[in-house]
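First the structure, in the form of structure tokens, and then the observations on it.
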Amino acid sequence: MAEFGKAYTRKLFAEMGRAGTTPARARLLMVLQCRGSCKMSEIGTHLDVTPRNVTKLVYGLEAEGLVVR
């Protein structure tokens, strides 16, 4: 089972790379998809990252037109 998990993770990360995103950005988009609009502090809590990291992620996604603040 552990080998499956490793293979799945490698495949997932490779697909994210081809899509031009990172695991952190993908997680943020999943939070927004599941929860809808929310405060940046809530995003940080769900992702367990610092406010600065949330800001950086959101700004990057906003610049690409993937999120609106």
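Are there helices (runs of 4 or more DSSP H) fully within the chain with at least 3 residues that are surrounded by 16 or more Cβ atoms within 10 Å (Cβ to Cβ)? List them.
Values: elements: 2-19, 23-35, 40-47, 51-63.
Where helices (runs of 4 or more DSSP H) fall fully within the chain and carry at least 3 residues being surrounded by 16 or more Cβ atoms within 10 Å (Cβ to Cβ), they are 23-35, 40-47, 51-63.
Tally time: how many residues in the range 35-50 are under 15 Å from V68 (Cα atoms) and under 11 Å from the mean Cα position of the chain (by Cα)?
1
Pairs, please: C-beta under 8 Å, at least 6 apart or cross-chain, first residue under 10 Å from L66 (Cβ atoms) and in the range 13-34, second among the aliphatic types (A, V, I, L, M) and assigned to a loop (DSSP other than H, G, I, E, B)?
Listed by first residue and then by second, the contacts come to L29/L66; L29/V67; L32/V67.
Tell me which of these L57 doesn't satisfy, since it passes every other one: (1) at pLDDT 90 or above; (2) more than 12 Å from the chain's Cα centre (by Cα); (3) not polar (S, T, N, Q).
With (1) at pLDDT 90 or above; (2) more than 12 Å from the chain's Cα centre (by Cα); (3) not polar (S, T, N, Q) applied to L57, the lone miss is (2).
The values are calculated or read from the model by the stated rules, or taken from the named source; none is laboratory data. In this text the structure is predicted, and so the values were computed from the model without any measurement. Please note: Cβ atoms are built from the backbone with ideal geometry, for glycine as well, and neighbour counts cover all protein chains shown.
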